[in-house]
Each structure stands twice: as C-alpha cells, then as structure tokens.
Amino acid sequence: MDKPVNNRAWFLVLPVLLLVAFSAVLPLMTVVNYSVQDTFGGNQFFWAGLDWFEEVLESDRIRAALGRQILFSAIILAIEIPLGIFVALNMPKKGIWASFCLVLMALPLLIPWNVVGTIWQVFGRVDIGLLGHTLKQLGINYNYVNDAIDAWITVIVMDVWHWTSLVALLCYAGLQSIPDAYYQAARIDQASRWKVFRYIELPKMQGVLLIAVLLRFMDSFMIYTEPFVVTGGGPGNATTFLSIDLVKMAVGQFDLGPAAAFSLIYFLVILLISFVFYTVMTKEAK
C-alpha cells in the first residue's frame, strides 16, 4: 500500500525558500552579472567575459593577500583547536562551578565583532591602553600601529581570546556525552590519562571537532571587522586579508567588475577548502 503524500508541507517550506532566494540567490546572481560585464557609467554595461577573473588570478596584490589569509587561518586553527580541547578537558563536569565556567566561556562569544576590535584597539595602545602601557613600562618595544609583527600578534591574540571559547564549548558538549561506564572501565584497566584521552575522549569528540574546525576555518578565512577596526589592514598591507582587500576594491576603488570576480573566487576557495576538511576528517572518523 502506497504511503499518502501530504503536499501541504511544501507551503510551510515556501516562505523559507522565498527568503533564501531574496537574501542569497538574487544578490549572488547580481554579483555573477557584474563579474562578466564592464561599465563606463550611465548604467550601460558591456560584455567582458572572463577578463575580470583573469585579472584577479594574475594579481600579485591578491596573491599576497591570499598568502596572508592562509597563514592567519593556519595559525588560528593550530592554536585554538588544541587550546579549546585543553580547556574543555579541565572544565568541571558537574556542580555550580560547571555552570559558572560555561557562563564565563560564553561571555566572549556574546560581544559583537566591532566591539571586540574597539576593545583591543584601545587595550593595545601605548599611551592609554593597559596592555601597551604595561609592555612599554617593562621595556618591551610594542607598537601594533607601526610594527607588522606586533600587529599580527595583536590580531591573533584577539581572535584566540574571542573564539577559543567556541571550540571549548563544543568539545565540552562532546565530553559530556561520554557515559561514565567508559571511565569506569578505563580505571579498572588502569589506563593512563593519555590513553583515556586517546581512545575514549578524542574519538567521542571527533564529530564536534569537525564542526569546530569548519566553523573556525570559515570564520578566520572571512575575518574582516576585528582586524579592520584594530589595524585598518596595516601597517602597510601587513594585515590586509582577503576580505579587507575585497572591500577596498569594491568600496574604496569602486572596481565592481574585478570585485565581483574576486568575491566569487573567494567563495569558491572557502567552499573547496571546507570540502577538503570535511572529507579528510570524516574519513579519519571512520
């Protein structure tokens, strides 16, 4: 006997489809349209084909920004994933202190990105910032405005402070799902702390770690607000990542064609690397 199909459920999904079409598909089609055309004003467009894509792919400026972006994302993942796991492993599992730690870890995630950038911009200033003034008193020559290394350190520490909590909370949720019987069996077998982590906790966290790696990679690869507020992409182009370069091209220079092609390539790079991450980690989980 065939199961009856209720097509009325599509009417519940239809508003969501219309919202997605309005907020995502239509703007995407507009970007695609700009990426293959050129204009000289007067709302007159001329077919440019793949010229803008060739210009973007051959641009030394964009290649340099891509290199900085990949380096930044690699450093962020190398720091935040192990640090988040370490914090989650050392958080209380039950009681009032567990609730206190959860609230404390969630606080940085509640702060808007532009506020985080403003906090660290003031915090790192040599004249009025607590961090910058303290380092100056200790005899450390720190100035994120003029020194590229100091600017990188500031942006990286700021991102670690802001987003390590997300990794820690995800890992903590994975740890909470482990039955006590696993730990009891490990104690009976006199397993070391490393073996408990390697064979019990880490396998149970692989699912949430996949989510954490994907979220942190995508967010770090698209980072814009925090470094722009703190350094403005400087000194020079030291912290000019892809998103900042894209905004400069589209808004500052008003090169809509190259900017549209740039944004599409940017999107495809994120999609490709995320797919590679997902494929590799899911195969290892099996």
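General remarks:
- For segment 151-237, average projected area of the Cα convex hull in nm²: 6.8
- Neighbour net charge for Gly257 - beta-carbon separation under 11 angstrom, K R +1, D E -1: -4
- Rounded to 0.05, the FRET efficiency of the Asp60 and Gln176 pair, given R0 = 45 Å and the Cβ-Cβ distance, is 0.40.
- Under the Debye formula (equal points on every Cα, no solvent term), log10 I(q)/I(0) of segment 171-284 at q = 0.10, 0.19, 0.21 Å⁻¹: -0.51, -0.99, -1.10
- Sorted largest first, extent of the chain alpha carbons per principal axis (Å): 82, 78, 31
- The string of couplings for segment 183-192 from the Karplus curve (6.51, -1.76, 1.60, θ = phi - 60°) is 5, 5, 5, 5, 5, 5, 7, 6, 6, 6 Hz, one whole number per residue in order, with x for Gly and Pro.
- In order through segment 55-60: 3J(HN,Hα) via Karplus (6.51 cos²θ - 1.76 cosθ + 1.60), integer Hz, x for Gly, Pro: 5, 5, 5, 9, 7, 5
- Peptides 181-194, 256-269 ranked from most to least packed give 256-269, 181-194, packing being the mean of other C-beta atoms within 10 angstrom over each peptide's residues.
Since every read-out is calculated from the coordinates, none of them should be taken as a lab result. These numbers come from a predicted model, not from an experiment. Every residue, glycine among them, receives a Cβ derived from its backbone with ideal geometry; neighbour counts consider all protein chains shown.
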